[in-house]
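K.L.:
This is the structure I want to talk about, given as structure tokens.
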Amino acid sequence: MNVAGNLFIPKDLDRKARHPALVIGHPMGAVKEQSANLYATKMAEQGFVAMSIDLPFWGESEGKARQIVSPDVYAEAFSAAVDFLGTRPFVDGNRIGAIGVCGSGSFVISAAKIDPRMRAVATVSMYDMGAANRNALNHSLSVEQRKQIIAAAAEQRWGEFEGGAVEYTSGTVHELTADTHPIQREFYDFYRTPRGEFTPASANPQITTHPTLASNVKFMNFYPFNDIETISPRPMLFIAGDQAHSREFSEDAYRRAAEPKELVWVSGAGHVDLYDRVDLIPFDKLTSFFNQHLSA
């Protein structure tokens, strides 16, 4: 299947020379127009050839059924982007890095473990989508509750096999109430307002951000941090807001990763702040990290 991407090229790029490049993945349930394009734009301004991608089954990338969860295929999309970038005449195939925002942080780690062409990896506001679904935040989901979720997804498969309607799960709420959880409010402020709202032409706005119920349990089998230390000696950079509800995932990945590694806390930033708040996103740190580790 084809993976859709937007390629951002620095102004006045010398196309006869070979330059470092970056592939950038969007938050889980989002599309490249939500956060990834911004990161690609800003890194292109710093001299990198940068490409944002839509994960398969989302946005303009191919894959059916739409919005299904397939962590292996998500990781493969990063390698597909490296295939593309590394064969451009103006890109140095030995100087390709990757950035994963939110859920893509865990997908890019999964990809980098088996694709050494990603020479340096950075994650921002990372979610370990496996742990988030198995355990929920702060390990608040019991094993029994997990089994109930798995049973409901299995039951849904029978219905869909027999022609029933596709059901969707999780994602961001479409309206606020007095009881809406603060974390959902944080996501709502991005995904359901002009700040970050975007609906691909082929999509139903009422299901944007929502994966299918029957497939979402595939995250239960997703362990991106297992063997993360084998990425070494390629460097890793973990960036998160010190107020982020998701900070446990960056802490866990950093603890497990081998050197060289860095963990950078952005003072006063929450999880979603680092999707688009250019006054908070440490683009200078990302630039220095990739300049150092993707040098000629």
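None of the figures in this text is laboratory data; all of them are computed from the coordinates on show. The structure displayed is predicted, hence computed values, not measured ones. Cβ placement follows ideal geometry from the backbone for every residue including glycine, while neighbour counts extend to all protein chains displayed.
K.L.:
Which residues, taken from region 15-31, are assigned to a loop (DSSP other than H, G, I, E, B) and within 18 Å of the chain's Cα centre (by Cα)?
P.N.:
Once the filter is applied, which keeps residues that are assigned to a loop (DSSP other than H, G, I, E, B) and within 18 Å of the chain's Cα centre (by Cα), region 15-31 yields His26, Pro27, Met28, Gly29, Ala30, Val31.
K.L.:
Considering each of Ala152, Ala201 in turn, give the residue that is more than 28 Å from Ala244 (Cβ to Cβ), touching a helix residue (DSSP H, G or I) at 6+ places or on another chain (Cβ under 8 Å) and not aromatic (Phe, Trp, Tyr).
P.N.:
Testing whether each residue is more than 28 Å from Ala244 (Cβ to Cβ), touching a helix residue (DSSP H, G or I) at 6+ places or on another chain (Cβ under 8 Å) and not aromatic (Phe, Trp, Tyr) leaves just Ala152.
K.L.:
Related question: Name the residue, out of Ala214, Ala240, that is crowded, with 22+ Cβ neighbours inside 10 Å and under 15 Å from the mean Cα position of the chain (by Cα).
P.N.:
Exactly one residue qualifies, and that residue is Ala240.
K.L.:
Same structure again: Cβ-Cβ under 6 Å, sequence separation 6+ or interchain: first residue in region 220-233 and without any contact (Cβ under 8 Å) to a residue 12 or more places away in the chain, partner surrounded by fewer than 14 Cβ atoms within 10 Å (Cβ to Cβ). Which pairs?
P.N.:
none
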